[in-house]
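Student: Please find one structure pasted underneath; my questions will follow.
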Amino acid sequence: MENREKQNVWKKVMAIRGMGQVITVTIGLIALWIVFGLLSPSFYSARNVGNLLRQVAPILIIGIGQSYVLITGNIDLSIGSVVGMSCMISATLMTKGMNPWAAMLLTILICIGVGVLNGLLVAQCKLPPFIATLGTMTVARGVAQIVNNNYNTDAIGEAAQGYRNLFYYGSTFGVYNTIWIAVILFLVFDFLLSKTRTGRHIYAVGSNIEASKLSGIDTDLITIKVYVVSGFCAGIVGLITSATAGMGTMDAGNMYEMYAVAASVIGGVSTLGGQGILIGTVVGAAIWGTLQNGLQFAGAPVAMRNIVIGIIVIISVLLDVIIRTGKPRKSKKSNHSNSVSGTSQGS
Amino acid sequence: MENREKQNVWKKVMAIRGMGQVITVTIGLIALWIVFGLLSPSFYSARNVGNLLRQVAPILIIGIGQSYVLITGNIDLSIGSVVGMSCMISATLMTKGMNPWAAMLLTILICIGVGVLNGLLVAQCKLPPFIATLGTMTVARGVAQIVNNNYNTDAIGEAAQGYRNLFYYGSTFGVYNTIWIAVILFLVFDFLLSKTRTGRHIYAVGSNIEASKLSGIDTDLITIKVYVVSGFCAGIVGLITSATAGMGTMDAGNMYEMYAVAASVIGGVSTLGGQGILIGTVVGAAIWGTLQNGLQFAGAPVAMRNIVIGIIVIISVLLDVIIRTGKPRKSKKSNHSNSVSGTSQGS
Amino acid sequence: SQPTNAPASAPDAKAESAAAPASDKKVKVILITMDSLDQHWVSVDKGAKKAVEELGNVDYKWMAPDKKDDAQQIERVNNAIADQADAIMIAANGPDAISKTLEDAKSKGIKIIYVDSPAKTEGVATFATDNEQAGKIAGQQMLDALTAAGKKDGKIGIVNVNSATASTVAREKGFRSAFEGKGYTLLQTQYGEGDATKSQDIADNYITEGVVGIFGCNEGSTVGAGNAIKGSGKKDIVGIGFDKSDSIFSLIKDGSLLCTMAQNPDVMGYEGMKAAVKAVKGESIDKTQVDTGVSILKKDNIK
Amino acid sequence: MGDYIAELTHISKSFPGVKALDDVSFNVKAGEVMALLGENGAGKSTLVKVLSGVYTKDEGEIKLFGNPVEDLTPKKAQELGVAIIHQELNMCAHLSVAENIFLGREETHSGVLSNREMNQKAKVILNRLNMEIDPATIVGDLAISKQQMVEIAKALSTNAKILIMDEPTSALTSNEIEDLFKIIKKLKAEGCAIIYISHRLEELQYIVDRVTIMRDGKFITSMNFSDTDMAEIISNMVGHEIKEKFPRVPCSRGKKIFEVKNLNAGKMVRDVNFSLYEGEIVGIAGLMGAGRTETTRAIFGVDPKESGEIFLDGKQIDIKKPMDAIRAGIVLAPEDRKKDGLCVKLSVTENISLPNLDLLSNGIGVIDRKKEKAMTEKAVNDLQIKLPNADVDAATLSGGNQQKLVVAKWLARNSRVVIFDEPTRGIDVAAKVEIYNLMNELKMQGIGVLFVSSEMPEIMGISDRILVMCDGKITGELEIEEATQDIILQYATKFDSKFAQKEAV
Ligand SMILES: Nc1ncnc2c1ncn2[C@@H]1O[C@H](COP(=O)(O)OP(=O)(O)OP(=O)(O)O)[C@@H](O)[C@H]1O
Ligand SMILES: Nc1ncnc2c1ncn2[C@@H]1O[C@H](COP(=O)(O)OP(=O)(O)OP(=O)(O)O)[C@@H](O)[C@H]1O
Ligand SMILES: [Mg+2]
Ligand SMILES: [Mg+2]
């Protein structure tokens, strides 16, 4: 009886679309953990596990935002700059004496505003997402620089101690708050994506935007929504960053948009839209974080780190392609060009 | 009689696909020149014009490579790192005493090798181009670092003076060699793209890879070829960089892949494939270079510069969309999602 | 080819440990720099390695962020704590950001030694250049050269890394202070991200604007400024820079640059390591605030 | 006559360069099936898109259920009771059948999607269509015909009062068509109005009450189906009379040109053997999914072959990739024009020259524009492709003209064997005849013609010899004299016993 129930659960889990890839990647993650554990004994210390998870958290959060955008078949390059902007705005407001909670709220609202702008540019103005968000990426970085007159801020000081603890230094039930924030955001956004109508529409838009439009879906609104999620997530990471440093730094979040893409794609989210689940992004973020953290412990020469990370990214995606399609050469529905996939199946 | 002939020429020029956009953007470029000229008298000085063109040249060269890749519907994120790699490899070889010409050749061969690798990963292994080249981007940067054992190189010294003059310091017929190199590369690659069979195949692959395959095109080979062009162009810019600085710097070329995308897209190359002409990339590169150069002369506060550049990028593409489709809202053939374009236009 | 740097690097740590007496516990020291690329940090690492070689029985690791980023530097400190370091040698990105994490490290009994740039949290010792002072010296050099050339006024350009790097901002500040009340126009600072090519484009534009002098705030900026002066053929433009590298030396030798302010990063690493081990062993340290100094390197005093 | 459920009066609609609808009036009553007929590019799809809110009209008036409506959007049209099955498949390939059926109308329970209920309801609708597929199947994994059926199921699920079908049968098998017709009759009895667009005129007799005919964006006439005949309908559509729907030219069979021996490629091409002679057209008949397309693809070198030999003019040739086939003189006009046939972002000229660049370029690969232009002009004239000029994007052509373009690009070069896969799918009668004539011309030139079609009348009307495929094998070969619809169907359903059982469930 029980055995059968277990089987059913397993079957159910496997029936979730994209779960196959997530499991493959998870195996890779475990392999990484074993290797790093062997290379460096301190890798498994309780402190390092906490540390590692806390380092993964921001990558996961921006990964969630990027995954939302990628699933609609778009991309958000502005993430890193929005992180920087959020970091600078929140810190500047606080050093200027604003109440931390008010500053936090205002910052997040501005980041959401960037999301809305991205969404409007892409959905309403029909700009290619790559170039629209490349533009806002540059603008947002400019804003991060101008907000405190082209200087990093001073320390946000004692007044904001609670804020700093909330986002980085504090723990709840023995687990760092940063990790809790990531977990909660994951649960909320995973629920929205997999269980609600909006979530379904997000997949539909990524799969075939014309068909979605013809089915009465407000595709523009969906596009705006995913960019808002992405802006929001980047905003939260910006707050974590300013809480971590206790100040605003203008180039915070540099390159984060790429980390977010890497986390998403390693976890099985397709850059072509319509495919991917957030639990995959969790695993992808964990792999990314583990590589950064583990190579450090393993004492890999600095110059080797990039090479190893690059190769592992390629291999992990390659493995996925091989597993999904049998052989790399045989795949029928080739994904290999942006322009033809998506709707290529069908009439 | 003569008038009529003129009209015909004009008609012929306008009949070239994408010329409309190029002309729009050119008007924008001229407007920029007028504004900067008014803001700063030295902007028009002979010295600055030469300078400006020389600063535009590398952007144009990588723009050519990126345009080739974009037209097939792919993307090359590794460009910046390959520039860095080329810069470091060439300089390291020369400081170790290799003959500059041999070093140059070997460097370019290695860069072409990266192009082949990118092409294989995308065409044969079916990796999404974004992630394949994100991987090689990381690896190539690692190689740039490891090649001289994580040091920038020493000065390449007197032996390579001819090399330095060829790529940067020398002039021919009163025009800097760097500019000549860009012009020659432009002429060659524009000819290949617009007049030859391979060029036509590149557009076909970007428009519909399946149909191209069924038309007898070796689509894998075409994909590899465009990445080779991109790797080659990045390699040349790397040589220019090492000739300029007279040494190898490990983080040379940082972010160049984005500049290349910006130059291409401002000039009307679609990130979705199948569309764009190289003369557009020339104008796009000129706009990018002019902004960088002109804003310094105009004395724009540093923090404002990113904002201005970002907004101009967005506006220039927005203008194009508006002009192409009448109104931003009315366009039926929305380009706004990677996943749906290509085949989204209905009968 | 790195004439003033520490001698050839030590054999790697493992060979080292075999030679050391196995009895007492090894001292674990971790160096955290601002990034991994800059020559400056590599020299700090070299200096530290040299000290390790002399001291023996030290387990030394260099944990470099791959780019200058507060969050990354904080992560590195956390990693060092997790790795059970006894001492951390750190070049703080800025005075504030890292402080809280360093407090945390101190509370775990880890000794903090600053190299290059200190943070607000009190450390055991600091080995650093006084950047503002060094910048002022650079400014004085330029002033002297311009006066000697009979140029009483004119524009001067400054190529910096970015406005977020405390050390180079301090150099710029010092440099500017040397010109207070003099007849020169110091142009708006331009930022080249320490990239030699970008810095060169900036410097080229300065030359177009007719500057009489250019100051480069770090290695990349200096190489860019030097090459631009060289390329323009206007050797009467006074180029002064910061840091040392082979390229800078050759630009000084051929007269494109007047001089460079050389710090002594190897000394920072070497002395820092010695102090770290002393602190861990509970021995006293004679001097806790050490200005490792700058030397002015000109055509006549470089080899 | 006041009981029109939908009335469109004086509707005009222009696209850049084309007036797709020019003062068209159209109406339909509850409980009737109205056929909307016309040549390719007549504006049929455009008209129904206006009615369903996809396009906004430039001029005119729309009345639904007696009330004028403005600012129609797809959503609003759906809410008012208008459902449309588009000519081009509009499915989200990554979503499941049920997810597609309920797209935009998902059922939720306090905000959470009720997947189970939706799956059950989808099951019920699929059962009405006699479809035995799991509602959780991913649509992208289904055969085209099944996807088309899902699209129909989706339209049915809205319980619309006005149901528009734009060429619903062009991708369906005969069984499926039969099921569809039953449904249509039932809906009609329930008082639905059905607007039915099709180029398969022989279907009309089973379901249609009235016909409306359009030509060049204009309304031509509207009449009761019972008051007219095919000849009248066709002459109204075309503007002149078509004498022969299946022109056949007698030709004596010459020497053997082409032979395929023991070809195996995947599970849909198993031990295929056949030959092609000069002076004949060989048709391949079969049900959807019989493996005909796979066979042509394997021959052409698109998909890898496992084993088998191919002979051309007695010499064995080795085809590894399409270029090998093209060089040898074997070409393929594929069935799926959007996916495999055209580069829609390229111009008509570029599409035609694409596989022929070897003929148009010199030793170093430079394309001769003059030759290219001449080739294009000839091809466009030969097939009478309707277009403003040859520099427009292929995307702007109507479906039928795109199909002609697919054929045109292959006829521009001299080949020994031309394989047509469903060359007449979705094109109008007149254009069909043009394509038949083309095939006949090739046949007279002594070129081997292989012709895959799912339409029985055309297979029997044009071929000289018929191969029938089922389940990846050639199950029968018939001379045209001995072929009847029944015999072909018999061979076409000669499944291995196991498969037959599965199919029967
Ligand atoms: N989106 C569009 N942009 C430009 N022109 C269009 C567009 N849609 C249709 N047209 C043009 O409008 C005319 C009518 O096309 P429509 O698709 O309505 O024809 P149709 O009668 O449905 O033909 P078919 O039987 O081939 O499907 C054609 O000339 C076509 O080229
Ligand atoms: N790209 C593909 N991916 C998965 N299955 C496919 C693909 N193409 C074809 N099939 C399946 O292979 C089988 C054979 O299809 P094929 O198109 O060869 O049949 P056919 O006899 O040509 O029928 P049709 O009349 O549709 O052309 C079908 O069941 C189809 O679903
Ligand atoms: Mg139609
Ligand atoms: Mg078929």
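The values are calculated or read from the model by the stated rules, or taken from the named source; none is laboratory data. The structure presented is a predicted model; accordingly, all values stated were derived computationally and were not measured. We place every Cβ from the backbone using ideal geometry, glycine too, and count neighbours over all the protein chains shown. Accessible surface areas use protein heavy atoms only, side chains included; no ligands, DNA or RNA. Shrake-Rupley method; radii C 1.70, N 1.55, O 1.52, S 1.80 Å.
Student: How long are the semi-axes of the equivalent ellipsoid of chain D, defined as square roots of 5 times the Cα gyration tensor eigenvalues? Whole Å, largest first.
Tutor: 39, 28, 22
Student: Right, next: Summarise the partner chain shielding of D:400-413 as one whole number: the mean count of Cβ atoms from other chains within 10 Å of each residue's Cβ.
Tutor: 1
Student: Among A:E210, A:E158, A:E257, which one shows the biggest mean-square fluctuation in a GNM of chain A, springs joining Cα atoms closer than 10 Å?
Tutor: Greatest mean-square fluctuation among the candidates belongs to A:E158.
Student: On to the next question. Nearest 100 Å² is fine: what is the total accessible surface buried where chains C and B meet, probe 1.4 Å?
Tutor: Approximately 2900 Å² gets buried when C meets B.
Student: Please tell me the relative contact order of the stretch D:99-222 in percent, rounded to the nearest whole number, where contacts are Cα pairs under 8 Å and at least six residues apart.
Tutor: 21 percent
Student: Next question, about the same structure. Can you tell me the relative contact order of chain C? Whole percent, Cα pairs under 8 Å, sequence separation 6 or more.
Tutor: Across chain C, relative contact order equals 19 percent.
Student: Looking only at other chains, what is the average number of their beta-carbon atoms within 10 angstrom of each beta-carbon in C:97-108?
Tutor: For peptide C:97-108, the averaged partner shielding equals 3.
Student: How far, in degrees from 0 to 90, does helix C:39-55 lean away from the longest principal axis of the Cα atoms of chain C, to the nearest 10?
Tutor: 30 degrees
Student: Could I ask something else about it? With the full set of protein chains in place, find how many percent of the accessible area of the protein assembly as shown is carbon and sulfur; take the probe as 1.4 Å.
Tutor: Accessible surface attributable to carbon and sulfur in the protein assembly as shown totals 58 percent.
Student: Mind jotting down the distance between the C-alpha centroids of the stretch C:253-303 and the stretch B:168-185, whole Å?
Tutor: 43 Å
Student: Going by Cα centres, the stretch D:160-215 and the stretch D:82-119 are how many Å apart?
Tutor: Value for the Cα centre distance between the two parts: 23 Å.
Student: Follow-up question, since we're still on this one. For the pair B and D, how large is the buried accessible area, both sides, in square angstrom to the nearest 100, if the probe is 1.4 Å?
Tutor: 3100 Å²
Student: For chain A, list the DSSP H helices whose alpha carbon atoms reach 27 Å or more along the long axis and whose average Kyte-Doolittle value is -1.0 or above?
Tutor: A:19-39, A:46-71, A:100-119, A:219-245, A:278-297, A:302-325
Student: Using a 1.4 angstrom probe on protein heavy atoms only, which residues from the stretch A:180-209 are buried by at least 20 Å² of accessible area when all chains are present rather than their own chain alone?
Tutor: Those are A:F191, A:K195, A:T196, A:R197, A:R200, A:H201, A:A204, A:S207, A:N208, A:I209, which lose 20 Å² or more relative to the chain on its own.
Student: Listed highest first by mean packing, meaning other Cβ atoms within 10 Å per residue, what order do B:128-140, C:59-71 come in?
Tutor: Going by the mean number of other Cβ atoms within 10 Å, highest first, we get B:128-140, C:59-71.
Student: What does the helix-only formula give at 222 nm for the protein assembly as shown: each DSSP H stretch with n ≥ 4 adding -39500 (n - 2.57), the total divided by the residues, and the result rounded to the nearest 500 deg cm²/dmol?
Tutor: -16500 deg cm²/dmol, from helical runs alone.
Student: Then there's this: Where the centroid of each part is defined by its Cα atoms, how far is the stretch B:303-317 from the stretch B:44-67 in Å?
Tutor: Cα centroid of the stretch B:303-317 versus Cα centroid of the stretch B:44-67: 19 Å apart.
Student: Quick one: buried accessible area between B and A, total over both chains, 1.4 angstrom probe, nearest 100 Å²?
Tutor: Approximately 5900 Å², summed over both chains.
Student: Projecting each Cα onto the charge dipole of chain D (Lys/Arg +1, Asp/Glu -1 at the beta carbon, about the Cα centre), which of D:P74, D:G191, D:N362 comes out farthest on the positive side?
Tutor: D:N362
Student: Quick one: which of A:K213/D:K123; D:K29/D:K409; C:K152/C:K198; A:K213/D:K121; D:K44/D:K75 span more than 32 angstrom between C-alpha atoms?
Tutor: Table pairs above 32 Å Cα-Cα are D:K29/D:K409.
Student: What nm value, rounded to one decimal, do you get for the distance between C:K26 and A:Q161 when each label is placed 7 Å out toward the C-beta?
Tutor: Calculated label separation equals 3.9 nm.
Student: In addition: What's the angle, to the nearest 10 degrees (0 to 90), between helix D:115-128's Cα axis and the longest principal axis of chain D?
Tutor: The angle comes out at about 70 degrees.
Student: Okay, next question. Principal axes first, then extents: for the Cα atoms of the stretch D:231-369, list largest minus smallest coordinate on each axis, whole Å, largest first.
Tutor: 52, 41, 32
Student: Would you mind listing how long chain C runs along its three principal axes, going by Cα atoms, in whole Å with the largest first?
Tutor: 67, 38, 33 Å, listed from the longest principal axis down.
Student: For peptide A:265-276, compute the average count of partner chain beta-carbon atoms within 10 Å of each residue's beta-carbon.
Tutor: Other-chain Cβ atoms within 10 Å of each residue's Cβ, averaged: 3.
Student: Okay, next question. Please identify, among B:S78, B:S270, B:S42, the residue showing maximal mean-square fluctuation in a Gaussian network model of chain B using a 10 angstrom Cα cutoff.
Tutor: B:S42
Student: Work out Dmax and Rg for the stretch B:20-323 from the C-alpha atoms and quote the Rg first, both in angstrom.
Tutor: In Å, with Rg to one decimal and Dmax whole: 19.0, 58.
Student: Here's something else I'd like to know. List, in order, the whole-Hz ³J(HN,Hα) value for each residue of the stretch D:405-413 obtained from phi through the Karplus relation with A = 6.51, B = -1.76, C = 1.60 and θ = phi - 60°; use x for Gly and Pro.
Tutor: 4, 4, 6, 4, 5, 8, 7, 6, 10
Student: Could you work out the per residue convex hull volume over the alpha carbons of the stretch D:4-238, in cubic angstrom?
Tutor: Taking only Cα atoms, the stretch D:4-238 has a hull volume of 129 Å³ per residue.
Student: A further question on this structure: Mind ranking D:90-99, B:147-156, D:222-231 by how tightly packed they are, going by the mean number of other C-beta atoms within 10 angstrom, highest first?
Tutor: Packing proxy ranking, top to bottom: D:90-99, B:147-156, D:222-231.
Student: If amide hydrogens are placed 1.01 Å from N in the peptide plane, which non-local residues have theirs closer than 5 Å to the one on D:N27?
Tutor: D:L8
Student: So, one more: Most fluctuating residue of C:K198, C:K230, C:K152 in a GNM of chain C with Cα springs under 10 Å: which is it?
Tutor: Checking each option, the largest mean-square fluctuation is seen for C:K152.
Student: Explain nothing, just the number: relative contact order of chain B, from Cα pairs under 8 Å at least 6 residues apart, as a whole percent.
Tutor: Relative contact order, chain B: 33 percent.
Student: Taking Cα atoms, how many degrees apart are the long axis of helix D:429-444 and the longest axis of chain D, rounded to 10 and kept between 0 and 90?
Tutor: For D:429-444 against chain D, the angle is about 10 degrees.
Student: Residues of the stretch B:284-317 with accessible area at least 50 Å² lower in the all-protein-chain context than alone (1.4 Å probe)?
Tutor: B:Q296, B:F297, B:V302, B:A303, B:N306, B:I307, B:I314
Student: The stretch D:314-398: which trypsin sites (Lys or Arg not before Pro) are DSSP loop and have at most 14 other beta-carbon atoms within 10 angstrom?
Tutor: Of the trypsin sites (Lys or Arg not before Pro), the ones in loops of the stretch D:314-398 whose Cβ has at most 14 other Cβ atoms within 10 Å are D:K320.
Student: Hey, can you list the residues from the stretch B:136-165 whose accessible area shrinks by 20 Å² or more with all protein chains present, relative to the chain by itself (probe 1.4 Å, no ligands or nucleic acids)?
Tutor: B:M137, B:T138, B:V139, B:G142, B:Q145, B:I146, B:N150, B:Y151, B:N152, B:D154, B:A155, B:R164
Student: Sticking with this one: What number comes out for accessible area per residue over the protein assembly as shown if the probe is 1.4 Å? Units Å², please.
Tutor: 36 Å²
Student: What is the P(r) of the protein assembly as shown, as percent of Cα-Cα pairs per 20 Å bin from 0?
Tutor: Calculated over all Cα pairs of the protein assembly as shown, the distribution is 9, 34, 33, 18, 6, 0 percent.
Student: Kindly state, to the nearest 0.05, the FRET efficiency for D:L489 paired with D:T137, given R0 = 30 Å and r defined as their beta-carbon distance.
Tutor: Once rounded, the FRET efficiency stands at 0.65.
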